[in-house]
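Here the structure is laid out as structure tokens; the discussion comes afterwards.
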Amino acid sequence: MELSINADLSRNPAQRKRSPFGWTLNLFSSIWLGIALLSLLFVYCSIGSAVPQIRQLPWIELTEYEWYHWWPFQVLVVLFSLTLTTVTIRRIPFRLVNAGVWTIHTGIILLVAGSFYYFTTKVEGDAPVFRRQVTIELPGLDRPRTLVVIPQTETNVVVGPDVWRFAIQSTNSQWPILSEEDKGKSAYAVNVLVTPPTGQPFVRQLLAGYPQYTEDVLPGKGRAIKALGRKLVDEKLQLRLELAPQEYFHVQNTWALFSRRIGETDWIERPIQGLPRYHDRIASRDLVLHDPHEPLTVRPIDLEAKPLDSKDPLSNVSVHVTGYLRHALPRLQWRDEAAQWNPVVQLTALTKQDGDHSYELIAFDPTRNKADSGMVQFLWLDDASLVNALPTDARAMLAISTPQLEAPLAIPLTAESVVGRDGPLTPIEKTDYSYRIVNVVDDLPLPGGKKPVSVVMVEVRGPDGSFTRMVADNPDMTRDIPGGNADPHSMGGVVRPVDPRIVMTYQPLSAPVILAAHPTGLFLAVNGPQGRLLGREIEIGTPVELAQGLALRVDALWRKAVAEVKPFVVPMHQREREAGESYAMIRMEVDTGNGVQKEWLRFSPYALPSAEYSYPGRFPYMPTRFRLADGSAVEVLFSRQRQRLPNPIGMEDFDLDTHVGGYTGSVSTIRNYVSRLRFLNGTNWTEPTSIHVNGPTEYGGLWYFQSNWDRPANDNPNGGMNYTGLGVANRNGVYIQLLGCCVSVAGMLFAFYVKPVLIRRRRLQSQGKISMDPRGSSAKNAEPHHDADGSGAFKTKTGARS
């Protein structure tokens, strides 16, 4: 039978070679093809794991997961599986002695099938789960309001004409309970600063799991129970700590835009496909700021981000991503293109002991026109001649002059000289006037964005009666107010012409160093407590010595400055190696109908519901606004794609497993951290489930594991622990992979331990049959010969099978 089959297969070899099916079948029956495919897979895997620079090349841009999910790898695995299957069926007879090989190959095929199922359905991401939220109930509210427990976050609640303000003042993860019933226990404590519409603010302390211990504390007075005789200042205000359900997780290695109209609460997601990961993509170097010594390749990109939801507020406009930066920070720069004066100066204080210190001052911004604790001030003068009117003394001074006085009366404004409305009057010698300084108000804001004014209120008694003079640092705003009204905010009150017989000027407290820019130059004045020390025009870029070991250099000056924010590409040697996409930025262009609005968007790790969820230094909230043609505004976030969790998650508790001595602020004192979570099943929360490092749990088809946590500050071991970072992933096909491994191992055990026994038994059985041959054949004429298949069959010297 066997000989006839071999003869049939060899009758027309030319015909077999011409058959595509036969050629393909022979090709995949080749052991050498299998070895070649295995070698290619080894090289491919080595590149992906050991040489990541290759998969990160600009024309590849793949993560490690994507590299092993890429089509070349899939093709190699499929071809190897086909070869393995074909070789097994055609070259390895299906006999008991070959069961090990068949089992090993079957296990490999199962492993490949399970891996395909695993990687084609794999989803992995992470989500922050906050420990608690404060539920706020007030009479007149249509529904309760909530405030997530993050230190320093706040919200306003409007009830009719009243506005209540709530802020998370502090938290304590190990607050000791002192009540006899629960003495010795500790709880998670939250202090909420409540500012009612009327009355004084107070702090309400809430303990998780112990609502019976809720009480108020009055700042400066202590517990309300002692100050007022009751635990709560306002019993109509109800605050409770409840679980803060997390409904989404964000998927790793994905990009997405989230948009919503101003005032709406739900984000609408649209994915970004094809966005790079490792290399910057810009159309022009003018779009960014960068280190001139660092190479910056111009490589344009233009990706259209298409909407998936009709509710997307940008669904009717064109949205394109035309730039990507892997590691960049927004940086402000100035240019002289404004229509009006807006002086800005950059200067450097040069010191021998403390090094150099750089400052940027804006003349018309009261909060940014001084530096170094008020020691340096930047001013603008409309005319160069006004440098003569600059202060010549660093002290706040009131100058009074009359025709009878030979020299103006200079009065330093100190705590002793400002006597108030009830203070004594001071007579002015040789005149009929007396005065008393009632009040001093600096940087009084004016309507219309005008430059703030500083005033000193002086009550004057003269020959014609009493009046109050409001002496302003701008002489044009000095006025007399009859009746003695000393309120500087009453700018629109009844005034009368300034009495010319007595002249007053006010010089506010002056910085010792004054830089005064004017249309044609830059003047530097240095004043001491006894007068002017230095005053002259200076040049940009030339240091000026102020004292021994101290010099000042003006680096740049813009008189009509316009602020422009551009991304600064961080040099490679300054980048954080573990930052990932934390500092990524994209350039987004939106054709609003009134033109194309172009903005750089910073990456946010999560599409947070609102600014209340922003955690400084951990979860930034940085939406960018776009104005549409209909006048409406849309805010957009650049983040990752997200998916809804099958069961919302709440955090019941958080525990630190520490070494002896407890948590000291050092990570080395922590052995483990444990989150106790609840899952929302319909309307009910499940019992707490503990998740610790290397101890995941499964619920609803997803696995949850510890990813990160809210580490306390070094100086506050009981702070922090307000959230836990959960990793979320599925594990489809894992059991198929495990089954494939077990089957392969079983085949190996059979091949190495069972097969040799079977072969030895067959050999012994065959030898026994030859010695008992009834035809009396000589042992010399019958030699044992093992086929390639290990069957142990004998062939005679003539080649006939026995």
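Projecting the Cα atoms of SER315, LEU237, ALA629 onto the charge dipole of the chain (Cβ charges, centred on the Cα centre) puts SER315 farthest toward the positive pole. Within segment 221-247, name every residue whose backbone N is under 19 Å away from a label modeled 7 Å from Cα of ASN718 along the Cβ vector. Within reach of a label on ASN718: 222-224.
Can you give the accessible area per residue of segment 191-298, in Å², using a 1.4 Å probe? Could the numbers behind the result be given before it?
Details: 5480 Å² over 108 residues.
Heavy-atom SASA per residue in segment 191-298 reads 51 Å².
Give me the 1.4 Å probe accessible area per residue for segment 308-401, excluding ligands and nucleic acids, in Å². Before the final figure, lay out each step's value.
Numbers: 4960 Å² over 94 residues.
The answer is 53 Å² per residue.
For ARG678, the shell of other residues with beta-carbons less than 11 Å away shows a net charge of -2, using +1 for Lys and Arg and -1 for Asp and Glu. Among 279-285, 198-204, sorting by the average number of other beta carbon atoms lying within 10 angstrom of each residue, highest first, gives 279-285, 198-204.
Given LYS352/LYS566; LYS370/LYS566; LYS352/LYS451, which pairs have Cα atoms separated by over 29 Å? Write down the numbers at each step before the final one.
On the way: LYS352/LYS566 33 Å; LYS370/LYS566 25 Å; LYS352/LYS451 37 Å.
Flagged as over cut-off: LYS352/LYS566; LYS352/LYS451.
For trypsin sites (Lys or Arg not before Pro), the sites in segment 398-456 that DSSP calls loop and that have at most 16 other Cβ atoms within 10 Å are ARG421, LYS430, LYS450.
Using a simple spin-label model with pseudo-atoms 7 Å out from Cα toward Cβ, TRP71 and ASP480 lie 9.1 nm apart. Normalising the average separation of contacting C-alpha pairs (under 8 angstrom, six or more residues apart) by the number of residues puts the relative contact order of segment 61-167 at 13 percent.
Accessible surface of the chain, 1.4 Å probe: 54 percent of it comes from carbon and sulfur atoms. Which of rounded, prolate or oblate describes segment 236-366 when judged by the alpha-carbon gyration tensor and an a/c cut-off of 1.5? Oblate shape, in that a/c is at least 1.5 and b/c is the bigger or equal ratio. Of the options [x] 89, 53, 53; [y] 160, 71, 57; [z] 91, 71, 62, only one is Cα extents along the principal axes in Å as computed from these coordinates, and that is [y].
Out of the GluC sites (Glu not before Pro) in segment 512-545, which ones are loop residues according to DSSP with at most 15 other C-beta atoms within 10 Å? Those that pass, being in a loop and sparsely packed, are GLU539. Within the shell defined by Cβ-Cβ distances under 10 Å, the residues around GLY48 carry a net charge of -1, with Lys and Arg each +1 and Asp and Glu each -1. Considering only GLN152, ILE136, THR171, the residue lying farthest towards the positive end of the dipole of segment 130-178 is THR171, judged by Cα position with unit charges set on Cβ. Distance between the pseudo-spin-label points of MET572 and GLU264 (7 Å out from Cα toward the beta carbon): 4.3 nm.
Values of log10 I(q)/I(0) for segment 538-595 across q = 0.12, 0.18, 0.23, 0.26 Å⁻¹ run -0.71, -0.89, -0.98, -1.09, by the Debye formula with one identical scatterer at each alpha carbon and no solvent.
Work out, step by step, the length gained on full extension between ALA415 and LEU178: first 0.36 nm times the residue separation, then minus their alpha carbon distance; give nm to one decimal.
Working: separation 237, 0.36 × 237 = 85.32 nm, distance 4.70 nm.
Extra length available between ALA415 and LEU178 comes to 80.6 nm.
Each Lys and Arg Cβ is given +1 and each Asp and Glu Cβ -1; about its Cα centre, the chain then shows a dipole of about 5100 debye.
Taking 7 Å steps out from each Cα toward its Cβ at THR542 and SER30 produces label points 8.3 nm apart.
Give me the net charge for the shell around THR348: Cβ to Cβ below 12 angstrom, other residues only, Lys and Arg +1, Asp and Glu -1.
Here the charged neighbours net out to -3.
The values are calculated or read from the model by the stated rules, or taken from the named source; none is laboratory data. Note that this is a predicted model, so its numbers are computed, not measured. For neighbour counting, all protein chains shown are included, and Cβ atoms are generated from backbone atoms with ideal geometry for every residue, glycine included. Heads up: the accessible areas ignore ligands, DNA and RNA and are worked out on the full protein's heavy atoms, side chains in. Shrake-Rupley method; radii C 1.70, N 1.55, O 1.52, S 1.80 Å.
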